[in-house]
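Enquirer: Here it is, the structure in full.
The values are calculated or read from the model by the stated rules, or taken from the named source; none is laboratory data. Keep in mind the model is a prediction, meaning the values are calculated, not measured. Virtual Cβ from ideal backbone geometry, glycine too; neighbours counted across all protein chains shown. Remember, those area values only see protein heavy atoms, side chains included, never the ligands or the DNA or RNA. Shrake-Rupley method; radii C 1.70, N 1.55, O 1.52, S 1.80 Å.
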Amino acid sequence: CEIPGQGVEAQLNNQSVSIVKDNDSTALIVDKVKVASIHFKKQWKPHLESIFSDLKKRGLNLQVLSGDGKMNEESLSKLGITYLGNLSPEKKANIVGETANSLFIGDGLNDLLAYKRADLAICVNNSTSVNFEHADIIMLDNDLSSFDQLFTQASKLNTIIDRNFYLSLVYNII
């Protein structure tokens, strides 16, 4: 059975067997004894720092909310981005829900609650179909550099909407 936000547990040959996430590793636990552990070194893709920097220049307050452990926090802090790791799906959803004008970008099934609480939810293409149903925008590729274009186009669209509203107001007054 699932251990929410942590892993899975089962009974096998009269033994309790669990596979759980433990900071930056995944551990195999048999009868409450860790018998194996796999450590993962996670790093940001090099181009993400420039994408984050461009988004910060737009005046956005960026936070990285992750269920994983530490991920190169130093490079993010240099960009003024807060990294919060080892978060359960519920904690991520609470943070998103408490943030005004929140935009949440996710790729995992554990992001479903955060999608529901976000003002705008974006799902990357390699996610599950359940996430597609709850996202406002589905990215057709996994290239986050398209966010700059998304914000540019959204700004142009807002300008057009505002202009049309005022033109229709003037027309109706005359």
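Enquirer: Are any of the residues in the range 138-148 closer than 19 Å to N94 by Cα and modelled with pLDDT under 90?
Expert: No: the range 138-148 contains no residue that is closer than 19 Å to N94 by Cα and modelled with pLDDT under 90.
Each row is one residue, and each column tells you yes or no for (1) hydrophobic (A, V, I, L, M, F, W, C); (2) in contact (Cβ under 8 Å) with a residue 24 or more places away in the chain; (3) over 22 Å from S50 (Cα atoms); (4) out of contact with any helix residue (DSSP H, G or I) (no Cβ under 8 Å at 6 or more places or on another chain).
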position: L120; (1), (2), (3), (4): yes, no, yes, yes
position: D136; (1), (2), (3), (4): no, no, yes, yes
position: L140; (1), (2), (3), (4): yes, no, no, yes
position: D143; (1), (2), (3), (4): no, no, no, yes
position: T152; (1), (2), (3), (4): no, no, no, yes
position: Y171; (1), (2), (3), (4): no, no, yes, yes
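Enquirer: Within the range 20-60, work out how many residues are closer than 19 Å to L87 by Cβ, at pLDDT 80 or above and part of a strand (DSSP E or B).
Expert: 3
Enquirer: Of everything in the range 86-115, what is among the acidic types (D, E), under 10 Å from the mean Cα position of the chain (by Cα) and not in a helix (DSSP H, G or I)? Give them in sequence order.
Expert: D107
Enquirer: Only one of S102, S146, S155 is in contact with an Asp or Glu (Cβ under 9 Å, 6 or more places away or on another chain) and among the small types (G, A, S); which?
Expert: Going through S102, S146, S155 in turn, just one is in contact with an Asp or Glu (Cβ under 9 Å, 6 or more places away or on another chain) and among the small types (G, A, S): S102.
Enquirer: Please pick out the residue among A114, A100 that is modelled with pLDDT of 85 or more, within 18 Å of Q63 (Cβ to Cβ) and surrounded by 15 or more Cβ atoms within 10 Å (Cβ to Cβ).
Expert: Testing whether each residue is modelled with pLDDT of 85 or more, within 18 Å of Q63 (Cβ to Cβ) and surrounded by 15 or more Cβ atoms within 10 Å (Cβ to Cβ) leaves just A114.
Enquirer: One residue is enough: does the range 154-168 have a residue meeting the conditions open to solvent by less than 60 Å² (accessible area, probe 1.4 Å) and not in a helix (DSSP H, G or I)?
Expert: no
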